[in-house]
Amino acid sequence: MRRPVKAVLFDRDGTLVDDVSDTAEPGRMRPVEGAREALALLRGRGIRTGVVTHQPGVARGLLTDADVRRVDQRVDELLGPFDVFAVCPHGPDDGCHCRMPRPGMVLWAAGRICTRPADLVVIGDTGAGAEAAHRAGCHGILVPTGRTRPEETARADHVAPDLLTAVRALLDGPPQGRVLADERPIQEAFTTDPG
């Protein structure tokens, strides 16, 4: 029997909200297709939710910590409430332990919501998130976007075509199989009404 998933961490930009060039502007945040329904499914099952995000613009002086908090607050207003927000404000060459693919940010978020890594899934659109999940002892699901490199998709343990399919695949336990599919009856798969 599969152990239930207790929490899901989402990469913010590109997975929950559209990836925009100006991440300092809360008004530019738009949920990706299926995000609201996916989060409602998780919360309806009592599965905790969180956000993990790289914000190297802080290290470069392009963003402030307050800018990041304002955007996270907007994401929480649009899609929340989330149980945890974890931010890596470092640049790629800073050598921090939290920047994915290192597992620090994932482990910190898991600790904040009192969830064992084995009971946690990380969903994101980059290989770094999938690798961080693996290194932390979590399950990772890659949802490729236009910025996902083919080699990242090839290396991922689990791949889903979209956010809603990724979430549906873990409702009854950790993801199984490399390529996750939406197994609803065909009529339901093409119905946009979540109710």
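The values are calculated or read from the model by the stated rules, or taken from the named source; none is laboratory data. Keep in mind the model is a prediction, meaning the values are calculated, not measured. All Cβ positions, glycine included, derive from the backbone under ideal geometry; neighbour counts span all protein chains shown. We work out accessible area using only protein heavy atoms, side chains counted, and drop any ligands, DNA or RNA first. Shrake-Rupley method; radii C 1.70, N 1.55, O 1.52, S 1.80 Å.
How much mean residue ellipticity at 222 nm does the chain get from its helices, if each DSSP H run of length 4 or more adds -39500 (n - 2.57) and you divide by all residues, to the nearest 500 deg cm²/dmol?
-8500 deg cm²/dmol
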Task: Calculated diffusion of the range 1-87, Stokes-Einstein form, Kirkwood radius summed over Cα pairs, 4 °C and 1.567 mPa s, µm²/s - done: 96 µm²/s
Open item on the list: Report the gain in length on full extension from L171 to R149: 0.36 nm times residue separation, minus Cα-Cα distance, nm rounded to one decimal.
Closed with: 5.2 nm
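When 1/r is averaged over all different Cα pairs and the result inverted, which Kirkwood radius in Å belongs to the chain? Please report the intermediate quantities before stating the final value.
Values: mean 1/r = 0.0598 Å⁻¹.
Across the chain, the inverse of the average 1/r is 16.7 Å.
Calculate, for E37 and A66, the FRET efficiency according to 1/(1 + (r/R0)^6) with r their C-beta to C-beta distance and R0 35 Å; round to the nearest 0.05.
Efficiency, from the Cβ-Cβ distance: 0.65.
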Open item on the list: With both bridge residues required to lie in the chain, what share of the DSSP beta bridges run antiparallel, to the nearest 5%?
Closed with: 5 percent
Open item on the list: Place a point 7 Å from Cα of V179 in the direction of its Cβ. Which residues in the range 113-157 have their backbone N less than 16 Å from it?
Closed with: 142-145, 150-157
TODO: Select from P92, G61, G50 the residue farthest towards the positive end of the dipole of the range 42-96; place +1 on Cβ of Lys and Arg, -1 on Cβ of Asp and Glu, and compute about the Cα centre.
DONE: G50
Task: Heavy-atom SASA rank of H134, H158 (probe 1.4 Å, accessible area, largest first) - done: H134, H158
TODO: Under a 10 Å cutoff between Cα atoms, tell me which one of R135, R102, R28 has the largest fluctuation in the Gaussian network model of the chain.
DONE: R28
TODO: Quick one: compute a quarter of the convex hull surface over the Cα atoms of the range 64-110 and quote it in nm².
DONE: 3.7 nm²
Open item on the list: How long are the semi-axes of the equivalent ellipsoid of the range 87-166, taking √(5λ) for every eigenvalue λ of the Cα gyration tensor, in whole Å from largest down?
Closed with: 20, 17, 10
Open item on the list: Compute a Gaussian network model of the chain, connecting alpha carbons closer than 10 Å, and tell me which residue from R70, R48, R12 fluctuates the most.
Closed with: R70
